[in-house]
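Since the structure comes first, as C-alpha coordinates, the remarks are kept for the end.
The values are calculated or read from the model by the stated rules, or taken from the named source; none is laboratory data. Since this is a predicted model, take the numbers as computed values, not measurements. Cβ: placed from backbone, ideal geometry, glycine included. Neighbour counts: every protein chain shown.
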Amino acid sequence: MRVILLGAPGSGKGTVAEGLRSAYGFPKISTGDLLRAAVRERTPLGLKAESQMGKGGLVDDATVLALLGERLAREDCRDGYTLDGFPRNIAQAESLEALGATGPEVVFDLHVGEDVIFRRLTNRRTCPSCEAIYHVINKPPKKEGTCDVCGTALVQRADDKPEVIAERLKTHHAKTEPLIARYTAKGTLHRIDAGQTAEATIAEVRKVLDAVRDKTARSQD
(Lines give C-alpha, C1' and ligand atoms only; values in the text may rest on other atoms or scores of the structure.)
Protein backbone atom coordinates (compact mmCIF):
# COMPACT_ATOMS: atom_id res chain seq x y z
CA MET A 1 0.00 0.00 0.00
CA ARG A 2 1.26 3.42 -0.95
CA VAL A 3 0.02 6.19 1.34
CA ILE A 4 0.54 9.76 0.15
CA LEU A 5 0.13 12.68 2.54
CA LEU A 6 -0.71 16.05 1.02
CA GLY A 7 -1.06 19.11 3.20
CA ALA A 8 0.22 22.60 3.85
CA PRO A 9 3.25 23.25 6.03
CA GLY A 10 2.14 22.65 9.61
CA SER A 11 -0.73 20.33 8.67
CA GLY A 12 0.83 17.46 10.59
CA LYS A 13 2.06 15.21 7.79
CA GLY A 14 5.08 14.07 9.79
CA THR A 15 2.99 13.33 12.86
CA VAL A 16 0.47 11.31 10.87
CA ALA A 17 3.28 9.40 9.15
CA GLU A 18 4.74 8.48 12.54
CA GLY A 19 1.31 7.34 13.68
CA LEU A 20 0.98 5.06 10.67
CA ARG A 21 4.42 3.63 11.29
CA SER A 22 3.39 2.73 14.84
CA ALA A 23 0.07 1.26 13.73
CA TYR A 24 1.05 -0.62 10.57
CA GLY A 25 4.83 -0.66 10.39
CA PHE A 26 4.78 1.52 7.26
CA PRO A 27 8.10 3.38 7.05
CA LYS A 28 7.86 7.15 6.80
CA ILE A 29 9.62 8.29 3.65
CA SER A 30 10.54 11.94 3.17
CA THR A 31 12.56 12.98 0.13
CA GLY A 32 14.21 15.66 2.28
CA ASP A 33 15.41 12.98 4.69
CA LEU A 34 16.61 10.83 1.79
CA LEU A 35 18.60 13.71 0.31
CA ARG A 36 20.20 14.62 3.63
CA ALA A 37 21.14 10.98 4.29
CA ALA A 38 22.62 10.53 0.79
CA VAL A 39 24.70 13.69 1.14
CA ARG A 40 25.86 12.66 4.62
CA GLU A 41 26.82 9.18 3.44
CA ARG A 42 28.58 10.53 0.31
CA THR A 43 26.74 8.20 -2.06
CA PRO A 44 26.96 8.88 -5.82
CA LEU A 45 23.43 10.29 -5.84
CA GLY A 46 24.19 12.24 -2.66
CA LEU A 47 27.25 13.84 -4.24
CA LYS A 48 25.21 14.78 -7.29
CA ALA A 49 22.50 16.32 -5.11
CA GLU A 50 25.09 18.16 -3.02
CA SER A 51 26.62 19.76 -6.10
CA GLN A 52 23.21 21.04 -7.18
CA MET A 53 22.33 22.37 -3.74
CA GLY A 54 25.77 23.94 -3.43
CA LYS A 55 25.01 26.08 -6.46
CA GLY A 56 21.84 27.33 -4.80
CA GLY A 57 19.50 25.26 -6.96
CA LEU A 58 16.90 22.61 -6.34
CA VAL A 59 17.76 18.96 -6.76
CA ASP A 60 16.38 17.77 -10.10
CA ASP A 61 13.44 15.38 -10.19
CA ALA A 62 15.49 12.60 -11.80
CA THR A 63 17.88 12.49 -8.84
CA VAL A 64 15.05 12.62 -6.32
CA LEU A 65 13.18 9.81 -8.11
CA ALA A 66 16.35 7.71 -8.23
CA LEU A 67 16.79 8.08 -4.46
CA LEU A 68 13.14 7.29 -3.91
CA GLY A 69 13.32 4.21 -6.15
CA GLU A 70 16.27 2.87 -4.15
CA ARG A 71 14.40 3.41 -0.88
CA LEU A 72 11.17 1.81 -2.04
CA ALA A 73 13.07 -1.31 -3.14
CA ARG A 74 13.98 -2.11 0.47
CA GLU A 75 12.30 -4.97 2.30
CA ASP A 76 10.54 -2.76 4.86
CA CYS A 77 8.46 -1.14 2.08
CA ARG A 78 7.08 -4.45 0.82
CA ASP A 79 3.74 -4.23 2.65
CA GLY A 80 3.35 -0.47 2.51
CA TYR A 81 4.93 2.91 3.12
CA THR A 82 3.97 6.52 3.72
CA LEU A 83 5.24 9.39 1.59
CA ASP A 84 5.57 12.66 3.49
CA GLY A 85 5.65 15.69 1.19
CA PHE A 86 6.00 13.87 -2.14
CA PRO A 87 4.87 14.24 -4.87
CA ARG A 88 4.80 18.04 -5.06
CA ASN A 89 3.66 18.43 -8.66
CA ILE A 90 2.00 16.53 -11.50
CA ALA A 91 5.29 15.49 -13.12
CA GLN A 92 6.46 13.93 -9.86
CA ALA A 93 3.10 12.19 -9.44
CA GLU A 94 3.39 10.65 -12.89
CA SER A 95 6.96 9.52 -12.23
CA LEU A 96 5.94 8.05 -8.89
CA GLU A 97 3.16 6.03 -10.48
CA ALA A 98 5.66 4.66 -13.00
CA LEU A 99 7.61 3.15 -10.07
CA GLY A 100 4.63 0.96 -9.28
CA ALA A 101 3.22 0.13 -5.87
CA THR A 102 2.46 -2.90 -3.73
CA GLY A 103 -1.27 -2.80 -3.18
CA PRO A 104 -3.57 0.19 -3.51
CA GLU A 105 -2.62 3.87 -3.50
CA VAL A 106 -4.39 5.99 -0.88
CA VAL A 107 -4.01 9.78 -0.82
CA PHE A 108 -4.90 12.06 2.09
CA ASP A 109 -5.42 15.82 1.92
CA LEU A 110 -4.75 17.01 5.47
CA HIS A 111 -6.81 20.19 5.62
CA VAL A 112 -6.04 22.85 8.24
CA GLY A 113 -7.16 26.47 8.56
CA GLU A 114 -4.43 29.06 8.06
CA ASP A 115 -4.90 30.43 11.58
CA VAL A 116 -4.05 27.00 12.98
CA ILE A 117 -1.05 26.67 10.66
CA PHE A 118 0.40 30.00 11.78
CA ARG A 119 -0.11 29.08 15.44
CA ARG A 120 1.56 25.71 14.96
CA LEU A 121 4.56 26.88 12.97
CA THR A 122 5.42 30.13 14.75
CA ASN A 123 5.57 28.17 18.02
CA ARG A 124 7.66 25.34 16.59
CA ARG A 125 11.27 24.93 17.70
CA THR A 126 13.84 22.57 16.21
CA CYS A 127 17.09 21.04 17.42
CA PRO A 128 19.80 21.85 14.86
CA SER A 129 21.81 18.85 16.01
CA CYS A 130 19.46 15.84 16.17
CA GLU A 131 16.50 17.46 14.35
CA ALA A 132 14.04 16.75 17.18
CA ILE A 133 10.97 19.00 16.95
CA TYR A 134 9.18 20.75 19.79
CA HIS A 135 6.25 23.15 20.21
CA VAL A 136 6.32 25.95 22.74
CA ILE A 137 2.72 25.24 23.80
CA ASN A 138 1.82 21.67 22.80
CA LYS A 139 5.16 19.89 23.16
CA PRO A 140 7.62 22.02 25.15
CA PRO A 141 11.06 20.67 26.10
CA LYS A 142 11.64 19.78 29.74
CA LYS A 143 14.12 22.64 29.98
CA GLU A 144 13.07 25.79 28.16
CA GLY A 145 15.01 26.32 24.94
CA THR A 146 17.00 23.07 25.24
CA CYS A 147 16.63 19.77 23.40
CA ASP A 148 15.60 16.87 25.65
CA VAL A 149 17.52 14.40 23.49
CA CYS A 150 20.96 15.96 23.10
CA GLY A 151 20.97 19.18 25.14
CA THR A 152 21.50 21.48 22.14
CA ALA A 153 19.92 24.95 22.15
CA LEU A 154 16.69 24.95 20.15
CA VAL A 155 16.14 27.35 17.26
CA GLN A 156 13.25 28.72 15.26
CA ARG A 157 13.72 27.82 11.62
CA ALA A 158 13.79 30.74 9.23
CA ASP A 159 10.84 29.30 7.32
CA ASP A 160 8.73 29.20 10.50
CA LYS A 161 8.55 32.99 10.73
CA PRO A 162 5.19 34.62 9.86
CA GLU A 163 6.26 36.43 6.69
CA VAL A 164 7.89 33.28 5.31
CA ILE A 165 4.94 31.08 6.27
CA ALA A 166 2.63 33.30 4.21
CA GLU A 167 4.78 32.80 1.11
CA ARG A 168 5.10 29.07 1.74
CA LEU A 169 1.31 28.77 1.86
CA LYS A 170 0.89 30.61 -1.45
CA THR A 171 3.38 28.27 -3.09
CA HIS A 172 1.76 25.22 -1.53
CA HIS A 173 -1.73 26.08 -2.77
CA ALA A 174 -0.50 26.78 -6.30
CA LYS A 175 1.33 23.46 -6.56
CA THR A 176 -1.08 21.23 -4.64
CA GLU A 177 -4.40 22.14 -6.25
CA PRO A 178 -3.56 20.27 -9.50
CA LEU A 179 -2.52 17.22 -7.46
CA ILE A 180 -5.76 17.27 -5.50
CA ALA A 181 -7.69 17.45 -8.77
CA ARG A 182 -5.67 14.54 -10.20
CA TYR A 183 -6.18 12.24 -7.23
CA THR A 184 -9.83 13.24 -6.89
CA ALA A 185 -10.38 12.19 -10.51
CA LYS A 186 -8.65 8.88 -9.78
CA GLY A 187 -10.92 8.31 -6.80
CA THR A 188 -8.02 7.85 -4.39
CA LEU A 189 -8.21 11.17 -2.47
CA HIS A 190 -9.58 11.43 1.07
CA ARG A 191 -9.95 14.82 2.76
CA ILE A 192 -9.17 14.80 6.48
CA ASP A 193 -9.77 17.54 9.05
CA ALA A 194 -6.25 17.92 10.44
CA GLY A 195 -7.14 20.90 12.61
CA GLN A 196 -8.18 18.59 15.43
CA THR A 197 -5.84 16.76 17.79
CA ALA A 198 -3.12 14.56 16.34
CA GLU A 199 -4.76 11.50 17.88
CA ALA A 200 -8.13 12.28 16.28
CA THR A 201 -6.54 13.00 12.90
CA ILE A 202 -4.59 9.74 12.91
CA ALA A 203 -7.74 7.84 13.95
CA GLU A 204 -9.62 9.23 10.91
CA VAL A 205 -6.77 8.30 8.59
CA ARG A 206 -6.60 4.80 10.04
CA LYS A 207 -10.35 4.33 9.60
CA VAL A 208 -9.95 4.97 5.86
CA LEU A 209 -6.90 2.74 5.56
CA ASP A 210 -8.52 -0.11 7.46
CA ALA A 211 -11.51 0.03 5.12
CA VAL A 212 -9.23 -0.04 2.06
CA ARG A 213 -7.19 -2.90 3.49
CA ASP A 214 -10.37 -4.90 4.26
CA LYS A 215 -11.74 -4.29 0.75
CA THR A 216 -8.44 -5.36 -0.80
CA ALA A 217 -8.30 -8.52 1.32
CA ARG A 218 -11.88 -9.47 0.35
CA SER A 219 -11.11 -8.97 -3.35
CA GLN A 220 -8.21 -11.39 -3.06
CA ASP A 221 -10.21 -14.17 -1.38
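Some observations on this one:
- Only one of the numbered conditions (1) surrounded by 18 or more Cβ atoms within 10 Å (Cβ to Cβ); (2) more than 29 Å from HIS111 (Cα to Cα); (3) modelled with pLDDT of 90 or more is not met by GLY19, and that is (2).
- Annotation: of all residues in segment 186-221 being over 15 Å from ILE4 (Cβ atoms) and hydrophobic (A, V, I, L, M, F, W, C), the one that is surrounded by the fewest Cβ atoms within 10 Å (Cβ to Cβ) is ALA217.
- Which listed residue is under 27 Å from GLN156 (Cβ atoms), under 17 Å from the mean Cα position of the chain (by Cα) and surrounded by fewer than 18 Cβ atoms within 10 Å (Cβ to Cβ), from GLY32, GLY25: GLY32
- Enumeration of residues in segment 151-168 that are surrounded by fewer than 11 Cβ atoms within 10 Å (Cβ to Cβ) and touching a residue at least 12 places away in the same chain (Cβ under 8 Å): PRO162
- Remark: pairs (first residue in segment 58-70, free of Cβ contacts under 8 Å to residues at least 40 places away in the same chain; second residue buried (at least 19 other Cβ atoms within 10 Å of the Cβ) and among the small types (Gly, Ala, Ser); Cβ separation under 7 Å; 6+ apart in sequence or on different chains) = VAL59/ALA49; THR63/ALA49; LEU67/ALA38.
- Conditions (1) more than 16 Å from ILE117 (Cβ to Cβ); (2) in a loop (DSSP other than H, G, I, E, B): number failed by GLY195: (1)
- So THR176, is it of a type in the set (Ser, Thr, Tyr), touching a Gly at 6+ places or on another chain (Cβ under 9 Å), closer than 19 Å to VAL112 by Cβ and at pLDDT below 95: yes
- Search result, residues across segment 167-192 that are part of a helix (DSSP H, G or I) and among the basic types (Lys, Arg): ARG168, LYS170, LYS175, ARG182, LYS186
- Any pair with Cβ under 8 angstrom, 6 or more apart, that starts in segment 186-208 at a residue that is at pLDDT 95 or above and ends at one that is exposed (fewer than 14 other Cβ atoms within 10 Å of the Cβ): THR201/ASP193; GLU204/ASP193
- The sole residue among VAL164, VAL149 that is assigned to a helix (DSSP H, G or I) and of a type in the set (A, V, I, L, M, F, W, C) is VAL164.
- Pick from segment 1-44, criterion touching a Pro at 6+ places or on another chain (Cβ under 8 Å) and assigned to a strand (DSSP E or B), ranking: nearest to ASP210 (Cα to Cα): ARG2
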